[in-house]
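A.B. asks: Before anything else, here's the structure in question.
Read the figures in this text as sums done on the coordinates, not as results from a lab. On a predicted model such as this, the values are computed, not experimentally measured, just so you know. Because the Cβ atoms are built from the backbone with ideal geometry, glycine has one as well, and the counts that use them run over all protein chains shown.
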Amino acid sequence: MKAVLRRGSLSAATVLGLCLALAPAAQAHAQILVPCGNVTALRNAINEANSTGEDITLAPSCTYKLTDYDSPGHGLPSIKADVTINGFDTAIERDSTDSFRIFTVEPSGALTLNRITVRNGNVSDDGGGIWNGGTLTVQSGAITGNTAINGGGLFNASNATATLSSTTVSDNHATTGDGGGILNAGTLRLNASAVQGNRAADQGGGLGDFSPGRATLASSRVSGNSATLVSGGQGGGIWENPGSTVTLLNTSVTANAGGECRPPGSVPGCTG
């Protein structure tokens, strides 16, 4: 029997095929692309993402240098909603005599950073690199070379949640306070991450955990940090303040100046 091609059937099939072909594109999450080094575009993108929920994609192997603040003390607009910023060996750094941190996450905000380095923030306050009051996720990134009174690299406030995976927290400094790398008063989890080379003037060179903080370090390393209060001995690696809890899972705490973990015996599995 000879096949019969009906014009109406072909039209319907074509329309159906087009709909199916277009469906993935329609469902794909919208993105805002930010040209390499364009800080104005980055700030505009964050403001837009706070309103629309669009992901932000930065240029690969690029450094975005913040030569001034967005508002006093803040290098970039505060994160007030669900914002994801994707990079590929990308850095955001303060390059200014002005003092400001890089990121501030408000209690309503949820910030995800993928393959991004946060560098050289400096504040006479808490959280030199990142101050988190909401939800923070850092994947395959770095928080390095930042300075603050407490929480040189990261300050994780009470009621906040921070998860760092395959991330390095290094060479940060708490100038007169605690938590050279991280000060945690909320919920903190480190997965396959390193806290190294950080300094605190008081307690917790690598990590200072303060009530009601709950910190879990899994398959991670805390090494080469220092705390100098009373000539050392105040948790060069980890300080666990009364009312807080630190749990180590397959995690090493070694070669820290000022004691590995303090007070002695406070962190199960940590000696020295």
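A.B. asks: I need the phi-derived Karplus couplings for the stretch 85-91: 6.51 cos²θ - 1.76 cosθ + 1.60, θ = phi - 60°, integer Hz, Gly and Pro marked x.
C.D. replies: My calculation for the stretch 85-91 gives 10, 9, x, 8, 6, 10, 10 Hz in order.
A.B. asks: Between the helical axis of 7-27 and the dominant principal axis of the chain, each derived from Cα atoms, what acute angle in degrees is found, rounded to the nearest 10?
C.D. replies: So the helix axis and the longest Cα principal axis differ by about 10 degrees.
A.B. asks: Follow-up question, since we're still on this one. Under 5 Å between amide H atoms, partner at least 5 residues away or on a different chain: which partners does T112 have, H built in plane at 1.01 Å?
C.D. replies: Sorted by chain and number, the residues that satisfy this are V83, T84, I85, T137.
A.B. asks: Still on this structure: How high is the FRET efficiency from E48 to S252, r the C-beta distance, R0 35 Å, rounded to 0.05?
C.D. replies: 0.25
A.B. asks: Students often get this wrong, so try it: which of [x] 137; [y] 160; [z] 196 is volume of the Cα convex hull per residue in Å³ as calculated from the structure shown?
C.D. replies: Answer label, from the structure shown: [y].
A.B. asks: Follow-up question, since we're still on this one. Say a site is exposed when it is one of the trypsin sites (Lys or Arg not before Pro), sits in a DSSP loop, and has at most 15 other Cβ atoms within 10 Å; what is then the longest site-free stretch of the chain?
C.D. replies: Longest stretch, sites excluded: 7-272.
A.B. asks: Taking every DSSP beta bridge with both residues inside the stretch 59-137, roughly what % is antiparallel (nearest 5)? Write down the numbers at each step before the final one.
C.D. replies: Numbers: 2 of 24 bridges.
Around 10 percent antiparallel, to the nearest 5.
A.B. asks: Here's a follow-up. Which whole-Hz ³J(HN,Hα) couplings does the stretch 254-270 yield from phi under the Karplus relation 6.51 cos²θ - 1.76 cosθ + 1.60, θ = phi - 60°, glycine and proline marked x?
C.D. replies: Each residue of the stretch 254-270 in turn: 9, 6, 9, 8, x, x, 5, 9, 9, x, x, x, 6, 10, x, x, 10 Hz.
A.B. asks: In what sequence do I56, I46 fall when counting other Cβ within 10 Å, fewest first? Before the final figure, lay out each step's value.
C.D. replies: Details: I56 19, I46 23.
The most exposed by this proxy come first: I56, I46.
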